[in-house]
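Worksheet: one structure, shown below.
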Amino acid sequence: MTRFLPSLRSPTLVLSLTVLGSARSAAGEPPPVPLTNPGHIKAQLPVGVDALYRAPLRSFYVSLFGNDANPGTSTHPWRTIAKAVATLRPGDAAYIRGGTYYERPMVTAFSGESNAPIHLWAAPGEQVKIMGGVAGKPFLRITQQYWYIRGLEFQGVRGQSAWQPAIYFDGLKTATQRGCQFAVARNIYAHDGGGGECIAFDGAKDVGLYDSTIHSWQRVVNGELADSHGVMVKGNTQRAHIKGNRSYYNSGDSVQCLGTTTVQPQHITIEGNLYYQDRENAVDLKTCRYVSVRNNRFWGYRPASTARGGAALVVHYNAADILIEGNQIRDSGMGASIGATTEGGLLGTVIFRRNAVYNITTAGGGTGVGLYAVRVQAPLEIYNNTFVNIPGAAIHLGAESPAITRAVVINNIIKQAGRALLIYAPNVPDLISDRNLFYQAPLPLNWQATHDQHSVVDQDPLLLADFYTAEGSPARDVGFNVGQGYKGTGPDIGFRESPR
């Protein structure tokens, strides 16, 4: 098959409520069943973090040529970052001058306040690298509230099995620490580390990682690569925002969200990131709730001993209320795997909408499947996606028990696939599939006797390089109205609503 080459422009997504009602044969009517209101499962963003951007009341300085006995002024700076994080009070800022600092661990001692946050920044225009220190400890541990970290570089020891996060957002409350809340790290560069994770959110609340780069965080156990994740979200973390980052070459996932049946991270937003070529997955969601994965780009994933199929995106264990929208997924062994696990578990509601999945591969043992889904014990809704150049099935449902409660497959474009749909009917007893477009993508035998009776078959969707459709495309104006607005006489089928 010819590889599909879109532009690298980020997708534009318009969010609104789903329209309810019964279906009719005309385009622009609501789907046959009411869809889930995305607002009911969409993750909440952090609250209170705008206070972090207030100007500091007092400024201090750290320099390799300073002394911790100094007052920390610009002319008499402190020598260590540890001195700064142990000394700063509400309204203070410490600016770290350029150079390499060999110190770890550094633990915050005091909380800022909503009207007086604490800043720990690289001095403007200067490069600050932190490395070395005590193995088995985080470089920077944030245990307090209202901290803003910016512009720091962390270099660990690649392959080391000992735990060594660059930044550990620690939500544990004790007699001496208020627990990490209202804390943000921005413009972080963390690389060549080891242990289980680079950035850890553990029980923290209202926190964020923005505009940062993480790569080559790798752990070796018994001579083989083992899990080491770019970002780990765990415990009862609430309202974490991971946006605008680049992550690659980690020996685990770029982001993993891990909870238990009793303690689950909730309201996690992963958006606008570029993740590629990690050993396992771009994003792995395990027993988390209210997670939004949107407007990201994932590519270059292949099967590993601990990541079957080579999926870029994985949702499994007991994850629930997951919204996946606006993403571009390419050049991977599988686009997305929903529900597949050897550990059991059942999923709650999953919405997969407005995504582009293309140039999927069987190289390295990849399954070649666009979207694989099983074990969803709540609505599974797949709509307004575009699948192009999929060597296996574009959408594969129900291959494992128990059954998917209800699956809705509408308004999708499937072009150039080994199979358009592969459905194991006993495990998908309630399937609604209609108003899709299938081109060079075979349907099951006699499929249109019971499904896709208003779909477009064997007509080229005339896709442009950015996933819009050309004028005259049979994908225009013929979709169900899913409540996201449209520009013609009816909604378009596929990833993007084309301009008129």
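Values in this text are rule-based calculations from the coordinates and carry no lab data. Computed from a predicted model, the values in this text were never measured in an experiment. Note that we place each Cβ from the backbone using ideal geometry, even for glycine, and neighbour counts take in every protein chain shown.
Quick look at the values:
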| quantity | calculated |
| --- | --- |
| Dimensionless Rg over Rh [the range 384-425; C-alpha; Kirkwood] | 0.99 |
| For peptides 345-352, 448-455, 41-48, sequence by mean Cβ density within 10 Å, most packed first | 345-352, 41-48, 448-455 |
| Charge sum, other residues only, whose C-beta stays under 13 Å from residue 133's C-beta, Lys/Arg counted +1 and Asp/Glu -1 | +3 |
| Normalised contact order of the range 361-500, rounded percent, pairs of Cα under 8 Å and 6 or more residues apart | 20 |
| Given charges at Cβ of Lys, Arg, Asp, Glu: the chain dipole, positive-most of 60, 356, 318 | 60 |
| Which label in (1) 82, 48, 41; (2) 98, 50, 48; (3) 72, 55, 51 gives the computed Cα extents along the principal axes in Å | (1) |
| Percentage relative contact order, the chain, counting C-alpha pairs under 8 Å, at least six apart | 10 |
| Potential lengthening between residue 129 and residue 76 on full extension [0.36 nm per residue; Cα-Cα distance subtracted] | 17.0 nm |
| Partnerless Cys - the chain, beta-carbon criterion under 4.7 Å | 180, 198 |
| Ranking of 292, 74 by count of other Cβ atoms within 10 Å, fewest first | 74, 292 |
| Cross-link table 83/286; 129/234; 83/173; 129/286; 137/234; 42/137, entries beyond 29 Å C-alpha to C-alpha | 83/286; 129/286; 42/137 |
| Whether the range 372-500 is rounded, prolate or oblate, judged on the alpha carbon gyration tensor where a/c under 1.5 counts as rounded | prolate |
| Estimated FRET transfer efficiency (residue 69, residue 178; beta-carbon r; R0 41 Å; 0.05) | 0.90 |
| Listed residues 84, 114, 159: farthest to the positive end of the dipole of the range 81-185 (Cβ charges) | 159 |
| Radius of gyration and Dmax over the Cα atoms of the range 293-427, both given in Å | 13.2, 35 |
| Gyration tensor verdict on the range 95-200 (Cα atoms; rounded if a/c is under 1.5, prolate if a/b is larger than b/c, oblate otherwise) | oblate |
| Residue order, fewest to most beta carbons within 10 Å, for 97, 435, 239 | 97, 239, 435 |
